[in-house]
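To start, the structure itself, in C-alpha cells.
The values are calculated or read from the model by the stated rules, or taken from the named source; none is laboratory data. For clarity, every value in this text was computed on a predicted model and none was experimentally measured. Ideal geometry is used to build each Cβ from the backbone, glycine not excepted, and the neighbour counts take in all protein chains shown. Only protein heavy atoms, including side chains, enter the accessible area calculation; ligands, DNA and RNA are left aside. Shrake-Rupley method; radii C 1.70, N 1.55, O 1.52, S 1.80 Å.
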Amino acid sequence: MGGTDDDKVRVIQTLLFVEGINTLLQRLFGTQLPTVVGGSYAFMVPIISIIHDTSLLSIEDNHMRFLYTMRVVQGALIVASSIQIILGYSQMWAISTRFFTPLGMVPVIALVGFGLFDRGFPVLWLV
C-alpha cells in the first residue's frame, strides 16, 4: 500500500473520527440504541484486491503509491455506498428479501465462501 507511518496514522485517526460521527448520528437519528458503529468488513475483499493491483504496485515512490491507492479505495467506497443508499431508499432490498429463504441462500453463501477460500487460504496446486 505504500506510505509512511505518518500516513497510516492519519488513516486510523480518520477511521476513528468517522466511526464516532457515525455512532453519534445513529444515536440521534437511528435506532436510539447506544451502539458503537464500526467499519464495515464487507469492503475488505475489494480493498485488499485494490491494494494488490499491479498498476498501483508499479509506482516507485511509497508516498505517491499510498495517495493513489487511497484515492482508488475512496472512489470504490463512494460507488459501493451509493448503490447501498439507492437500494435502501428505493425499497428494492426490502422487496427482494421477502424471497430469501434459508434453503435458497445456502448455495449463494457456499459459492461466495468457496470463491473467497483461495484468497484466505492459498493452496499450492501440484501438477
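General remarks:
- The numbered conditions (1) modelled with pLDDT of 75 or more; (2) among the aromatic types (Phe, Trp, Tyr); (3) not in a helix (DSSP H, G or I) are all true for PHE66 except (3).
- Verdict on ILE78 being over 10 Å from the mean Cα position of the chain (by Cα) and over 16 Å from VAL11 (Cβ atoms): yes
- Residue check for GLY104: surrounded by 10 or more Cβ atoms within 10 Å (Cβ to Cβ), over 12 Å from MET1 (Cα atoms) and not polar (S, T, N, Q): no
- Search result, residues across the stretch 43-63 that are more than 17 Å from the chain's Cα centre (by Cα), in a helix (DSSP H, G or I) and surrounded by 11 or more Cβ atoms within 10 Å (Cβ to Cβ): LEU56, LEU57, ASN62, HIS63
So that you can scan it fast, the table gives a plain yes or no per residue for (1) at pLDDT below 75; (2) touching a helix residue (DSSP H, G or I) at 6+ places or on another chain (Cβ under 7 Å); (3) of a type outside the set (Val, Ile, Thr); (4) within 28 Å of VAL112 (Cα to Cα):
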{"position": "ASP7", "(1), (2), (3), (4)": "no, yes, yes, no"}
{"position": "THR14", "(1), (2), (3), (4)": "no, no, no, no"}
{"position": "PHE17", "(1), (2), (3), (4)": "no, no, yes, no"}
{"position": "ALA42", "(1), (2), (3), (4)": "yes, no, yes, yes"}
{"position": "ILE48", "(1), (2), (3), (4)": "no, no, no, yes"}
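- Selection count, the stretch 64-89, where residues are touching a helix residue (DSSP H, G or I) at 6+ places or on another chain (Cβ under 7 Å) and either on the phi > 0 side of the Ramachandran plot or open to solvent by 60 Å² or more (accessible area, probe 1.4 Å) (or both): 3
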